[in-house]
Amino acid sequence: MHETMIAESLLEAISAEAAKQNAKPVNARISCGTLNAINDEVLCFAFEAITKGTLCEGMKLEIEHKPMQGLCKNCNESFKIDLSCLRCTKCGSEDFKLLPDAPLLLEEIEFQTEQ
Amino acid sequence: MYKVNVGKKILSANEEYALKNSQLLTEQKKLCLNMISSPGSGKTTILTRTISDLKDKIKIGVIEGDIQTEIDAERIRATKAPAIQINTDGACHLSAAQVNSALENLPISDLDLIFIENVGNLVCPSAFELGESAKIAVLSVAEGDDKPAKYPSIFAKSKAMLINKIDLLKAGVQIDFDIERAKADARKLNKGIEIFPISAKTGEGLAGWYDWLKREVKKLRL
Ligand SMILES: Nc1nc2c(ncn2[C@@H]2O[C@H](COP(=O)(O)OP(=O)(O)O)[C@@H](O)[C@H]2O)c(=O)[nH]1
Ligand SMILES: [Mg+2]
Ligand SMILES: [Zn+2]
Ligand SMILES: [Zn+2]
């Protein structure tokens with residue numbers, strides 16, 4: 001599963017930030033586009049498995065899915081794409097182009113404050 | 001507890017390799033097509049036939065991705081074309097780093113076109129850029145005409161789509177596959193997608209696919 005590779009890349013990025021902060025990470029929020037094809041359950045499972053025995057063990061992942069966006073060629077507005085109804089939500093036109101999909105981002109990490 | 005804003009791209013290592021691959025291919029003016037489909041839709045059969053039929057016109061090399069085994073690379077080598085096998089060892093997609101080392105082992109300067117046969121999977125490979133010139137989605141009529149509607153990402157990202165095994169529709173096999181529906185669904189998200197209904201077995205429809213390949217190779221030479 002490609003989620004394993006994503007989990008490894010995440011662990012690396014979080015560990016680097018944790019070293020900078022010299023603190024224990026507790027939660028992380030990531031965001032992704034539709035085309036990243038991420039299954040939340042699979043990613044969380046993979047992340048849990050590879051963080052065993054690391055500083056990130058027990059961390060919680062929050063995954064935000066950003067919808068695909070279209071740019072209407074008729075009214076020039078961008079809109080959220082609904083795969084079951086492929087038309088501009090503002091004017092109803094079917095003439096639109098797909099905007100680039102959201103990238104896979106590590107948005108935010110929450111750290112424990114030292115006692 | 002306190003929060004730190006990071007805003008860092010994940011999988012940036014893959015993107016860096018993809019960029020390297022794409023720079024190499026652009027510099028050398030080579031066309032590189034990443035073939036993506038479910039297992040068994042006929043990618044290797046399409047490749048072996050394409051290589052043989054075009055052997056006097058386009059010099060083709062292949063990067064074969066499979067979870068295990070060297071079987072597909074051997075099928076390609078039987079046509080005399082160079083092939084590098086990558087075994088992903090369980091992973092559901094090829095990575096740009098794997099393609100980078102395969103490119104180093106192919107005699108690129110002798111080739112016009114490099115095909116990458118990705119691991120059989122309609123979802124995951126479309127999330128990993130390899131630095132290819134374009135993606136090609138392959139769908140066989142045995143899989144059902146609802147695939148473009150159900151798996152939009154690969155069809156949205158592909159420059160062309162091959163609908164393979166159309167011989168089955170004529171052979172009286174019980175298959176409900178509406179080519180027009182598959183085409184219309186693929187075009188909803190990707191107006192410019194080229195669509196070629198073909199049979200790698202009988203050769204039907206391949207002429208259009210070959211003309212398209214010749215045009216794309218020629219574009220790079222200009
Ligand atoms: N009837 C028919 N069978 C095909 C065609 N193309 C491939 N096949 C068969 O489909 C099976 C899978 O083909 P293969 O090329 O290995 O698919 P891959 O997994 O996508 O590489 C093989 O048994 C092929 O002989 C076709 O156009 N028509
Ligand atoms: Mg194959
Ligand atoms: Zn996967
Ligand atoms: Zn509109």
Looking only at the range A:33-64, count every residue that is assigned to a strand (DSSP E or B) and at pLDDT 95 or above and tell me the total.
5
Quick one: would you say B:Glu104 is charged (D, E, K, R), within 16 Å of ligand 3 (Cβ to nearest atom) and open to solvent by 30 Å² or more (accessible area, probe 1.4 Å)?
no
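Looking for something more than 28 Å from B:Val99 (Cα to Cα) and within 14 Å of chain A (Cβ to nearest Cβ) - is there at least one such residue anywhere in the range B:135-142? Can you show your working first?
Here is the first cut: in the range B:135-142, the residues more than 28 Å from B:Val99 (Cα to Cα) are B:141-142.
Then drop every residue that is not within 14 Å of chain A (Cβ to nearest Cβ), which leaves none.
No, because not a single residue in the range B:135-142 is more than 28 Å from B:Val99 (Cα to Cα) and within 14 Å of chain A (Cβ to nearest Cβ).
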Taking the range B:115-131 as the region of interest, how many residues are more than 13 Å from chain A (Cβ to nearest Cβ), at pLDDT below 95 and open to solvent by less than 20 Å² (accessible area, probe 1.4 Å)?
0
Only one residue in B:Asp112, B:Asp145, B:Asp167 is surrounded by 19 or more Cβ atoms within 10 Å (Cβ to Cβ) and farther than 19 Å from B:Pro39 by Cβ, so which one is that?
B:Asp112
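Suppose we filter A:Phe96, A:Phe47, A:Phe79 for residues that are within 16 Å of ligand 3 (Cβ to nearest atom) and either away from chain B (no Cβ under 13 Å) or not basic (Lys, Arg) (or both); which single one remains? First the steps, then the outcome.
Values: A:Phe96 fails: within 16 Å of ligand 3 (Cβ to nearest atom); A:Phe79 fails: within 16 Å of ligand 3 (Cβ to nearest atom).
After ruling out the rest, the residue left standing is A:Phe47.
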Residues that are within 12 Å of chain B (Cβ to nearest Cβ), in a helix (DSSP H, G or I) and open to solvent by 20 Å² or more (accessible area, probe 1.4 Å), drawn from the range A:16-32:
A:Ala16, A:Glu17, A:Lys20, A:Gln21
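Would you mind finding the one in B:Ala134, B:Ala96 that is modelled with pLDDT of 90 or more and surrounded by 22 or more Cβ atoms within 10 Å (Cβ to Cβ)? Can you show your working first?
Details: B:Ala134 fails: surrounded by 22 or more Cβ atoms within 10 Å (Cβ to Cβ).
Going through B:Ala134, B:Ala96 in turn, just one is modelled with pLDDT of 90 or more and surrounded by 22 or more Cβ atoms within 10 Å (Cβ to Cβ): B:Ala96.
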May I ask you to say which residue of B:Glu74, B:Glu64 is more than 16 Å from ligand 3 (Cβ to nearest atom), open to solvent by less than 80 Å² (accessible area, probe 1.4 Å) and away from chain A (no Cβ under 14 Å)?
B:Glu64
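Only one of B:Thr69, B:Thr88 is within 15 Å of ligand 2 (Cβ to nearest atom), within 24 Å of A:Ile38 (Cβ to Cβ) and surrounded by fewer than 19 Cβ atoms within 10 Å (Cβ to Cβ); which? Before you say what the answer is, go through the steps one by one.
Numbers: B:Thr69 fails: within 24 Å of A:Ile38 (Cβ to Cβ).
The conditions single out B:Thr88.
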Can you confirm whether the range B:148-163 contains a residue that is within 16 Å of ligand 2 (Cβ to nearest atom) and in contact (Cβ under 8 Å) with a residue 40 or more places away in the chain?
yes
Which of the numbered conditions does A:Asp40 fail, given that it passes all the others? Conditions: (1) away from ligand 4 (no atom under 16 Å from the Cβ); (2) closer than 26 Å to A:Ile6 by Cβ; (3) facing chain B (nearest Cβ under 9 Å).
(3)
Quick one: in the range A:87-109, of everything that is touching a Leu at 6+ places or on another chain (Cβ under 7 Å) and surrounded by 15 or more Cβ atoms within 10 Å (Cβ to Cβ), which residue is farthest from A:Leu10 (Cα to Cα)?
A:Phe96
Whether any residue in the range B:10-20 is open to solvent by 10 Å² or more (accessible area, probe 1.4 Å) and either in contact with a Lys or Arg (Cβ under 6 Å, 6 or more places away or on another chain) or in a loop (DSSP other than H, G, I, E, B) (or both) is what I want to check.
yes
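What residue, among those in the range B:182-203 that are in a helix (DSSP H, G or I) and within 14 Å of chain A (Cβ to nearest Cβ), is surrounded by the most Cβ atoms within 10 Å (Cβ to Cβ)? Walk me through how you get there before you give the answer.
Here is the first cut: in the range B:182-203, the ones in a helix (DSSP H, G or I) are B:182-189.
Within this subset, residues satisfying the condition of being within 14 Å of chain A (Cβ to nearest Cβ) are B:184-189.
Numbers: B:Ala184: 13, B:Asp185: 20, B:Ala186: 24, B:Arg187: 15, B:Lys188: 18, B:Leu189: 22.
For the range B:182-203, the residue satisfying everything is B:Ala186.
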Please verify whether B:Ser41 is over 30 Å from A:Ala18 (Cα atoms), buried (at least 19 other Cβ atoms within 10 Å of the Cβ) and either within 16 Å of ligand 2 (Cβ to nearest atom) or among the small types (Gly, Ala, Ser) (or both), treating the condition exactly as stated.
yes
Quick one: what pairs do we get from the range B:1-24, first residue within 13 Å of chain A (Cβ to nearest Cβ), second among the basic types (Lys, Arg), C-beta under 8 Å, 6+ apart or different chains?
B:Glu15/B:Lys9
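Quick one: which residue in B:Ala96, B:Ala127 is touching a residue at least 24 places away in the same chain (Cβ under 8 Å) and in contact with a Phe, Trp or Tyr (Cβ under 7 Å, 6 or more places away or on another chain)?
Numbers: B:Ala127 fails: in contact with a Phe, Trp or Tyr (Cβ under 7 Å, 6 or more places away or on another chain).
When all the criteria are applied, what remains is B:Ala96.
The values are calculated or read from the model by the stated rules, or taken from the named source; none is laboratory data. Computed from a prediction, not measured in an experiment: that's the story for all the values here. Counting neighbours? That spans all protein chains shown, and the Cβs are built from the backbone with ideal geometry, glycine included. The accessibility values were calculated without ligands, DNA or RNA, using every heavy atom of the protein model including side chains. Shrake-Rupley method; radii C 1.70, N 1.55, O 1.52, S 1.80 Å.
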